[in-house]
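The values are calculated or read from the model by the stated rules, or taken from the named source; none is laboratory data. Keep in mind that what you see is a predicted model, and the values were worked out from it rather than measured. With ideal geometry, Cβ positions are generated from the backbone for all residues, glycine too; neighbour counts draw on all protein chains shown. Accessible surface areas use protein heavy atoms only, side chains included; no ligands, DNA or RNA. Shrake-Rupley method; radii C 1.70, N 1.55, O 1.52, S 1.80 Å.
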Amino acid sequence: MSYLNYQKKELFFDSVSISEIAKKYPTPFYLYSESALLSQYKAFQKTVNQFELGEDHLICFALKANPNPFLLESLFKLGAGADTVSGGELQRALQCGCDPQKIVFSGVGKTRQEIEFALGCHELGIYSFNVESIEELDLINTVAKEMNKMARVAIRLNPKVNAKTHKFISTGYKTHKFGILKEDILELFTKINSYDSIKLVGLSIHIGSQLTDFKATKKAVLEVCKLALHAPEPLEFIDFGGGLGVDYKGRDPEYKLNEYMHSLAEGIYEAELPYHPRVLFEPGRFLSASAGVFVTKVIRTKQSDKVFFAIVDGGMNDFVRTSLYEAYHKIIPVVESGEKKVATEIVGPICETSDSFASGRKIQKLKADELIVVCDTGAYGHSMSSTYNLRRRPIELTLTTHSDIVVHEH
Ligand code: LLP
């Protein structure tokens with residue numbers, strides 16, 4: 001089900017009129033739906049169960065996609081865990097009620113302070129450090145020893161696969177900075193006992209984001225499961241990372257969910273592990289992208305030779321995906337005016353040519369003060385915003401399941 005619908009030419013999100021909201025709050029703003037997010041989480045969980053990937057599975061939401069506190073609290077109440085990549089994210093997950101024993105910590109650049117914080121946040125520390133280099137493992141061991149703790153660790157495999165996605169967000173190839181190569185992990189297995197403050201509990205992978213072709217996923221899953229066979233002791237879990245893409249051009253919120261889970265299940269099955277480690281996931285985009293929209297207002301239009309511009313009050317500082325990755329996002333008017341569609345450059349006020357939401361986009365001829373919506377911006381939207389050009393970051397509004405609006409300003 002799509003949460004965006006027109007009723008009598010007026011756009012509603014989660015049954016609330018966007019025009020009405022824009023009367024009360026300044027544009028540009030992000031608008032989220034708690035119900036939409038929770039329904040994505042439930043769909044993901046249901047599919048994990050359908051594919052019998054284990055009742056003890058854990059879905060760790062990747063905070064980098066959307067660390068909005070209200071949404072996080074809501075997900076954690078449903079039992080979600082958290083995939084974090086900085087001390088800040090770790091702190092946010094804890095503040096929003098995530099059980100430390102459901103938190104994994106990924107990333108190639110964990111600092112001593114972050115490691116100390118993660119180890120100290122619970123009697124047992126966090127559930128897992130997903131370790132990306134031997135050098136990092138050495139430091140975790142040293143810090144844990146100093147703190148008289150045992151660090152729970154999963155080794156992230158670099159499976160040397162080429163995920164078909166934008167090159168900036170592909171992370172599983174051998175030249176990428178992420179993970180450790182199989183040969184080095186095999187060697188590490190032979191001397192893991194010399195790390196006296198490390199408990200090896202798992203393996204992990206994450207090969208990229210916005211994946212819609214799962215050949216590389218299946219290959220990586222098979223690789224990591226086969227590697228598990230060589231672990232000195234049976235592993236508690238395997239973390240299959242995030243990456244499931246969304247349907248930015250269409251309207252299916254559960255796009256490719258089955259296909260993705262099928263590839264995972266096949267990979268696990270084909271590895272013929274003699275036991276069933278717990279399965280972890282780290283989805284970000286799939287859970288939150290369709291649960292958010294970015295609402296912006298046309299400041300003015302401008303005709304330059306044959307090119308028609310709509311200059312809006314949102315800019316690349318507010319939403320950068322279209323500028324940074326030339327990503328496609330649907331853009332639709334908040335009120336259908338009946339004007340003829342024309343090819344439009346939808347651009348922001350920032351002094352860069354890349355400050356563009358769409359080029360040559362066919363949309364009803366826009367006028368000053370009209371509102372438009374950039375769809376599917378609940379992931380990597382506000383979380384990537386900045387104050388470039390000394391602009392304020394946009395506010396975030398969340399429509400709750402109780403029909404209230406929760407406001408966050410930063
Ligand atoms: N786990 C790890 C270790 C990750 O690095 C990521 C994303 C995820 C999970 C979540 O991936 P997802 O399920 O959301 O695909 N800013 C980019 C996306 C960067 C993704 C970075 N890592 C974008 O806007 O497309």
> Per the Kirkwood definition applied to all pairs of different Cα atoms, how many angstroms is the hydrodynamic radius of the range 361-410?
Replying inline: 13.7
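How big is Rg to Rh over the range 239-388, alpha-carbon atoms, Rh as the Kirkwood inverse-mean-distance radius?
Here the Rg-to-Rh quotient is 1.12.
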> Using alpha carbon coordinates only, what is the Rg to Rh ratio of the chain, with Rh defined as the Kirkwood radius?
Replying inline: 1.00
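Based on Cα coordinates alone, diagonalise the gyration tensor for the range 59-187, multiply each eigenvalue by 5, take square roots, and list the semi-axes in whole Å, largest first. Can you show the working numbers first?
Numbers: eigenvalues 117, 87, 24 Å².
Equivalent ellipsoid semi-axes, largest first: 24, 21, 11 Å.
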> Over all Cα pairs of the range 309-370, how is the pair count split among 10 Å bins, expressed in % and running from 0 up to the last occupied bin?
Replying inline: 23, 56, 21, 1
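Of all accessible surface on the range 1-121 at a 1.4 Å probe, what whole percent is carbon and sulfur?
For the range 1-121, the apolar C and S fraction of the accessible surface comes to 49 percent.
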> Each label point is 7 Å from the Cα along the Cα-to-Cβ direction; what then is the distance between the points at GLU266 and ASP138, in nm?
Replying inline: 4.1
> Which whole-number value in Å² is the accessible area per residue of the chain, probe 1.4 Å?
Replying inline: 44
> How much accessible surface does GLU236 have with a 1.4 Å probe, in Å² rounded to 10?
Replying inline: 80
> Using 0.36 nm per residue, how much length does the chain from PHE308 to ILE332 gain when fully extended, once their Cα-Cα distance is taken away?
Replying inline: 7.0 nm
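Taking the Cβ-Cβ separation of LYS340 and GLU20 as r and a Förster radius of 25 Å, what is the calculated FRET efficiency to the nearest 0.05? List each step's numbers first, then the result.
On the way: r = 27 Å, r/R0 = 1.08.
Efficiency, from the Cβ-Cβ distance: 0.40.
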> In square nanometres, what is the average projected area of the Cα convex hull of the range 99-282?
Replying inline: 10.7
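Pull out the extension gain between GLU259 and HIS402, defined as 0.36 nm times the separation in residues minus the alpha carbon to alpha carbon distance; nm, one decimal.
Numbers: separation 143, 0.36 × 143 = 51.48 nm, distance 3.35 nm.
Taking 0.36 nm per residue and subtracting the Cα distance, the gain is 48.1 nm.
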> P(r) for the range 144-203: what percent of alpha-carbon pairs falls in each 10 Å bin, starting at zero?
Replying inline: 21, 40, 26, 13, 1
